[in-house]
Structure formats: structure tokens, C-alpha cells
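*Asks:* Before I ask anything, let me first share the structure, which is written out below as C-alpha cells.
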Amino acid sequence: MAVPLPTAETRWRCTLCGNLTRFDVTRQSKVVEYVHLDLAGDPKVEEREVLSESIESVRCRWCNAVDQIELVDRPGANA
């Protein structure tokens, strides 16, 4: 089931338990990263460009529902 990303006007909500704040998101991303290695060889990502990204699933942390996530309006979004 494809779950759309929340926007500035919307957020996720679990229709089963009502959770609005805790979700496990499985996403697939294709990125280009600029990695800087220090002299000891420790890497640090200094730049990251997301080429494509899709959400595979969103699972509610409260009730573990996977197919019960919907988009709802954020409070005050229509003000």
C-alpha cells in the first residue's frame, strides 16, 4: 500500500488507534552523497542530494497497524 508523504497542511494518523506521533517508515531512496574522510579514515557525509525517494510502508508504533495510515489535516492548517 502506497502512503503519501505528509505536507505542510497534512499529517499521518492511524485509523485503528488514533496515533498521530509515532511511526516506523520504510522508504527506498536513491541519493548522491559527498563523503569526506578525515586523516584517520572516519567518514562524514557533508552533502546529500536525494535523487528519488518512495515510501514503501508506514507502521504505527502503538498498535503495529500497517494498512491503517491516512493523511489528515494539521490543526490550524486552513487558518
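The values are calculated or read from the model by the stated rules, or taken from the named source; none is laboratory data. Please read all numbers here as calculations on a predicted model, not as lab measurements. Ideal geometry is used to build each Cβ from the backbone, glycine not excepted, and the neighbour counts take in all protein chains shown. Accessible surface is based on the protein model in full, side chains and every heavy atom, while ligands, DNA and RNA are left aside. Shrake-Rupley method; radii C 1.70, N 1.55, O 1.52, S 1.80 Å.
*Asks:* Among the candidates 16, 20, 51, which residue alone is part of a strand (DSSP E or B) and at pLDDT 95 or above?
*Replies:* Within the list 16, 20, 51, the selection yields 51.
*Asks:* Sticking with this one: If residue 34 satisfies every condition in (1) modelled with pLDDT of 95 or more; (2) in a strand (DSSP E or B); (3) surrounded by 11 or more Cβ atoms within 10 Å (Cβ to Cβ); (4) in contact with a Lys or Arg (Cβ under 9 Å, 6 or more places away or on another chain) but one, which is the exception?
*Replies:* Going through the list (1) modelled with pLDDT of 95 or more; (2) in a strand (DSSP E or B); (3) surrounded by 11 or more Cβ atoms within 10 Å (Cβ to Cβ); (4) in contact with a Lys or Arg (Cβ under 9 Å, 6 or more places away or on another chain), residue 34 breaks only (3).
*Asks:* Out of the residues in region 43-70 that are within 13 Å of the chain's Cα centre (by Cα) and of a type in the set (Gly, Ala, Ser), state the one that is farthest from residue 22 (Cα to Cα).
*Replies:* 54
*Asks:* Return a yes/no flag: does region 54-61 have any residue that is touching a Cys at 6+ places or on another chain (Cβ under 8 Å) and open to solvent by less than 70 Å² (accessible area, probe 1.4 Å).
*Replies:* For region 54-61, residues touching a Cys at 6+ places or on another chain (Cβ under 8 Å) and open to solvent by less than 70 Å² (accessible area, probe 1.4 Å): present.
*Asks:* Among the residues of region 3-31, how many are under 17 Å from residue 64 (Cα atoms), open to solvent by less than 90 Å² (accessible area, probe 1.4 Å) and among the aliphatic types (A, V, I, L, M)?
*Replies:* 3
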